Each structure stands twice: as C-alpha cells, then as structure tokens.
1. Can you tell me which residue is nearest to Val43 (Cα to Cα) among those in the range 179-213 that are small (Gly, Ala, Ser) and either at pLDDT 70 or above or in a helix (DSSP H, G or I) (or both)?
2. Quickly run through the range 108-117 and pick out the residues that are modelled with pLDDT under 90 and open to solvent by 40 Å² or more (accessible area, probe 1.4 Å).
3. Quick one: which residue in Ser120, Ser12, Ser79 is touching a Phe, Trp or Tyr at 6+ places or on another chain (Cβ under 9 Å), under 30 Å from Cys175 (Cβ atoms), at pLDDT below 70 and open to solvent by less than 40 Å² (accessible area, probe 1.4 Å)?
4. Filter the range 148-163 for residues that are open to solvent by less than 50 Å² (accessible area, probe 1.4 Å) and without any contact (Cβ under 8 Å) to a residue 60 or more places away in the chain and give the result.
5. Looking only at residues in the range 38-48 that are touching a helix residue (DSSP H, G or I) at 6+ places or on another chain (Cβ under 8 Å) and farther than 9 Å from Gly225 by Cα, which one is modelled with the lowest pLDDT?
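The values are calculated or read from the model by the stated rules, or taken from the named source; none is laboratory data. Model, not experiment: these values are computed from the prediction. All Cβ positions, even for glycine, are placed from backbone atoms using ideal geometry, and neighbour counts span all protein chains on display. Ligands, DNA and RNA are stripped out before the accessible areas are found, and what is left, the full protein with its side chains, is counted by its heavy atoms. Shrake-Rupley method; radii C 1.70, N 1.55, O 1.52, S 1.80 Å.
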Amino acid sequence: MTAEFFMGDILSGYLGAFTVGDIFTKTFAVFVANWRATVIYAVFVALLTSGLQFGLARNGGYPFSGAGLAATIAATLLSNIAGYVLVWHILDHLDFATTSFSGGRYFPYLGATIVMGIASCFGMLLLIVPGLLLMARWSAALPLITARGTGVFDAMAESWEMTRSRMWTIIGFYCLFGLVIMAITFPVMAGIGIISLREGLPTEVSVTKLGLQLVGSVLQNLVSGVVVCSSVALFALLLENAGAETEVFA
C-alpha cells in the first residue's frame, strides 16, 4: 500500500458506505486473524499488572505511596507499549503498515492516547454524547500514527475528516459494542468479586485471590485487545470504502 493510495483517500473525502453490522463483522474477522497476538497481549499485561498488585500487597505498599505510584506508572507505560505493538502487528498483518516497525512512533502514539483520553473523558462528563462524538471522530488517529508515522495532531485532524460521513454509524457501533462487552464480562467479574470478598479483606493476600485477580485481569485486557481489533477494523473499512469511492469518481 503506497503513499499515493493514502493521498487518494484524502482527496476522496473518505466517503464510506458501511453499517454497524459491517464494523462488527470486520472486527470479528480481524480478531480471528490475530487471536494469538491478542491473547499474548492480554496475558502479558495481566501478568504485569497482577504481579504489581501482588508485590504491593505482600509488602504492605500502598498504591499511591512513592514506590507504589512509580510502579503503577511503570506498569501503565509498559501496558501502553504492549498496546502499541499489538496495533502495529495487526496493521502490518493486514498490509496497512506503510513502513517497518519503529519505536520512534511510540511517543506520538502515547501523546495521542493521553490527549484523546483526557478530551474524551471530559466530553463524557458533558452528558456523554460529546465524549462519544470525539471518540468516533478520532477513532482512526492511533492506526494512522502507527501505520504511517503521522504526527499527533495531524493524525487527529485526518481522522476527523476520515470519519465525517460515518460519525453516527461509529457512535452506534461503540454503544452496541459496549453493551455486548458488558453483557459478556459483567457476570464473570461480579463472580470474581464475590469470591474474592469471601477470601477475606481486600488487603489480604492469598493464592486464590491472586488467581482470581489474574483471571479478571486477563479478561479485561482481552477486551482491550478486542477494542484494538475494532479500531483497526474501522480503519480498514474507512480505507477500503474510500478506495472504492475514488474508483467510482475517477
């Protein structure tokens, strides 16, 4: 896939005729094609975070103490790096990466994650809809940064244009996707919480509680991996439909 193809996408206005069902179908296809990488990501991050929690609890460390806060920041950063690697792997597997893997693109990825995260959270506080709107319009930013090395604000601006004609379709997908994830994960997480409480106080450490925390963490990070698959699926649909529109109007 060449730079000329992407420039054609820009000129075509990223018009894409796809539905919520198309995004679900594409997400499932992307996940099936990359399930091993997604599971490895989920297990790695789960072991990292669960090990941190166990170490802090065993040594009586409070998460917001000096050492605890530093360890939490380090684990969060490593988890974010793992997410970046997963995004690039999936994009490369689908032949959407125009350049080879580069750690130099991680910092723009991290910057975009922070900027978009803060803006989306603030938007969620404003009656939820503005947050969903921002999430939808910036949904292609991280794939753009990872696959093409686009700068943070350039990627956010380009994603804004890419999703202009599909904003409500993407928002509809996010809402339905969130409900599906909740329906699947809530019973499991609730069960883990109940069993953990029966094991003793939250500060008490046991093999059973550690195992339950690990299972819950794997599940949470597997969901995060599926979310990554959905973002790449959406990116692919936007590009594929943009290419089709370019051919029609050529």
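1. Gly211
2. none
3. After ruling out the rest, the residue left standing is Ser12.
4. Gly149, Thr150, Gly151, Val152, Ala155, Met156, Ser159, listed by residue number.
5. It comes out as Leu48.
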